[in-house]
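A short reminder: the numbers here are calculations on the coordinates, not readings from a lab. Note that this is a predicted model, so its numbers are computed, not measured. So basically every Cβ, Gly included, is an ideal-geometry build from the backbone, and we count neighbours across all protein chains shown.
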Amino acid sequence: MNKPKFFVAPGYGEYLLDELHYSQAVKIGDRVETSGQGGWDDNLQIPESFADEIAQAFRNIDAKQNQSPSGGQS
């Protein structure tokens, strides 16, 4: 059985991991799963527009997929 590998974004992701024990993505074998991606930016700020918040959440997902060793596709 493969061991899980957890991923966080530099900066705010490290803060979330240290303070809240929250990891944004996990890789098990050759599968990468993301969890609860919020629409915050690198400064943990949430856009005023709901549409911008959704767009940021998808950028966060894309960043986690590209950060993983599998070089995920979005």
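Structure data summary
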item: Per-q log10 I(q)/I(0), the chain, q = 0.20 Å⁻¹ (Debye; single scatterer per alpha-carbon; no solvent); result: -0.83
item: Unit charges on C-beta of K, R, D, E only; dipole of the chain, Debye; result: 520 debye
item: Among 63, 12, 29 - extreme Cα towards positive end, dipole of region 5-67, charges at beta-carbon; result: 29
